[in-house]
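The values are calculated or read from the model by the stated rules, or taken from the named source; none is laboratory data. Predicted model, so just to flag it, every value in this text is computed and none were measured. Positions of Cβ are backbone-derived with ideal geometry, glycine not excepted, and every protein chain shown enters the neighbour counts.
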C-alpha cells in the first residue's frame, strides 16, 4: 500500500527507478572516463570496462532500460517510461559524442 501512496501506477514506479539508474550509471561512467591522462580512445574503452565491471556484480540481471522497453513497449500507454528511457539513451549518446568530438 505504501508504494501506491508514492507511486500511483507501475509505470510511475518504473520511471522513477529508471531515473535513479540513469544517475547511478552516468556517475559511474563519469568516474571511469574522466580520469586524468586518458586519450579520447582510452575514454571510450573505459566506458566498456566500467560497464563490464557493473555487469559482473551481483545482483545484475540485465539492462533495466532494455527490460523497461520490453515491459512497456511501443504499444503500452506509458509516456513517462518511454521518455525516461529515451532520455537515458540520449545522455549516453551525448557522453560518447563529447568524448569523440576531438577525434
Report, by residue number, each residue of the stretch 59-81 that is assigned to a helix (DSSP H, G or I) and either more than 16 Å from residue 9 (Cα to Cα) or under 13 Å from the mean Cα position of the chain (by Cα) (or both).
-> 64, 65, 66, 67, 68, 69, 70, 81
So is residue 79 closer than 18 Å to residue 99 by Cα and surrounded by 11 or more Cβ atoms within 10 Å (Cβ to Cβ) or not?
-> no
Is there any pair linking a residue in the stretch 1-23 that is more than 15 Å from residue 72 (Cβ to Cβ) to one that is modelled with pLDDT of 80 or more, with Cβ under 8 Å and at least six apart or on different chains, and which?
-> 3/13; 22/84; 22/87; 22/88; 22/91
Any pair with Cβ under 7 angstrom, 6 or more apart, that starts in the stretch 76-103 at a residue that is without any contact (Cβ under 8 Å) to a residue 24 or more places away in the chain and ends at one that is surrounded by 12 or more Cβ atoms within 10 Å (Cβ to Cβ) and not in a helix (DSSP H, G or I) | 82/72
